[in-house]
1. Which values of log₁₀ I(q)/I(0), to two decimal places, follow from the Debye formula for region 1-91 at q = 0.12 Å⁻¹ with a uniform point scatterer at every Cα?
2. Tell me the label-point distance for the pair Lys201, Glu227, using the 7 Å Cα-to-Cβ offset, in nm and rounded to one decimal.
3. Give the accessible surface of region 250-303 per residue, rounded to a whole number of Å², with probe radius 1.4 Å and ligands, DNA and RNA excluded.
4. Can you give the FRET efficiency to the nearest 0.05 for Cys2 and Lys239, using r as the Cβ-Cβ distance and R₀ = 30 Å?
5. If the cut-off is 19 Å between C-alpha atoms, which aspartates and glutamates fall inside it for Lys165, apart from same-chain ones fewer than 8 positions away?
6. Pull up the cross-link candidates among the lysines for Lys63, meaning alpha carbon to alpha carbon under 25 Å and not fewer than 8 places away within one chain.
7. Taking Rh as the Kirkwood radius, which is the inverse of the mean 1/r over Cα pairs, what is the Rg/Rh value for region 169-295?
8. Step by step: find N for region 212-273, compute 2.2 N^0.38 Å, then divide the Cα radius of gyration by it. What's the final number?
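The values are calculated or read from the model by the stated rules, or taken from the named source; none is laboratory data. None of these values were measured; they are calculated from a predicted model. Counting neighbours? That spans all protein chains shown, and the Cβs are built from the backbone with ideal geometry, glycine included. Note: areas computed on protein heavy atoms with side chains; ligands, DNA, RNA excluded. Shrake-Rupley method; radii C 1.70, N 1.55, O 1.52, S 1.80 Å.
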Amino acid sequence: MCFEQGEYNRGIMKDLFGEGIFAIDGKKWRHQRKLASNEFSAKVLRDFSCSVFRSNAAKLASKVYVGALANREMDLQDMLMKSATDTMFKVGFGVELDTLSGSDEISNHEKVSNIGLERNLKENIQVIDNFVYNLIHRKREQMRNEEGEKEDILSRFLIESEKDKENMTDEYLRDIILSFLIAGKDTSANTLAWFFYMLCKQPLIQDKVLQDVKLDTEVRDGSSVDEFVLNLTEAALDKMQYLHAALTETLRLYPAVPVDGKSADEDDILPDGHRIKKGDGISYMPYAMGRMAYIWGEDAEEFHPERWLEDGVFQGESPFKFTAFQVVEENRNATLQNHVHSSYGQGLPLYAFLALTLISAISFLKVSSLQLRTCNLFIIFTVTSLRV
């Protein structure tokens, strides 16, 4: 039995995503899945992406620190979205967008990010198309005039397109690239916003995360952001078992895809005896599943990172139980997100780099614990400074 996007879901997403991995099934889905898998496993891309993650997370930490010294309220969710956007554009396209700085030179990006209402959809999609096609054409010209290793995703996809010009057209590349950008940007920023929200509500867990980070990076109190970033290596990340557990617990309660709809490609009978006809729509809810006591125990609704640890070592769960990244054969939408979030294999590097360097601003630079207030569903963080 196979559940696919189906005609209904494809129709909804086609205008924006075209034939990107979110909106297709079958042969084209398998091609993009294989292409993404091969590229994300390349050492040159892993090294490049890790360098970008560290650099942009350091910028974010510095911005938080400056705001903390001024005892200023900050919209952390907005800052996380901008930092994730800058990161994905650099890794994806080799472009320095720098939205976090608030530069006036980002008007095109703001238009790309603001899709707008349905009545404006065609106009906004045209803005997106012009923006992405311009990036493709500029990158192709740049590659013709420059030698050396091609680090960003777009460059590597353009190299692949030379081997199959008939199928990998600019339009096809546009669809792949846009899916990559959205898969990495929105999910990462939103998950991190929830992560810090939970740390604010759980100061004891916040302290445990900080101790985990301080121990495994071997930094001293009062270290600068730059000093901390130098110690933020892949090896150090691998040691941070409690941080991994806390991020995973965030995804359990606040999955990036809280509900997902599919279509049956043939008749079937579900385990509970419910009959499914070919073409029927069927949805499952990772958000609700993460709160079900018969799956996670009586404390299912509690934020409890220790459930992921055994003798202090992180232990994963079956993807049929923990569905945030989901099973490849069962949920194809999550596949690209999984590759984006796990760009060097195990762990959650984009989440971790952003979280760790922001934590460095809170902990090592003499910034006190986060406080928060909510206003119309927006999370506003107050970060105050402890001056010595």
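1. -0.62
2. 3.5
3. Values: 3180 Å² over 54 residues.
Ligands and nucleic acids excluded, the result is 59 Å² per residue.
4. On the way: r = 40 Å, r/R0 = 1.33.
For R0 = 30 Å, the calculated efficiency reads 0.15.
5. Hits, sequence-local ones excluded: Glu19, Glu39, Glu141, Asp175.
6. Once the sequence-local lysines are set aside, what remains near Lys63 is Lys82, Lys90, Lys111, Lys185, Lys201, Lys208, Lys214, Lys366.
7. Working: Rg = 20.6 Å, Rh = 18.4 Å.
Using only Cα positions, Rg/Rh for region 169-295 is 1.12.
8. Details: Rg = 20.6 Å, N = 62, 2.2 N^0.38 = 10.6 Å.
In units of the 2.2 N^0.38 Å rule of thumb, it is 1.95.
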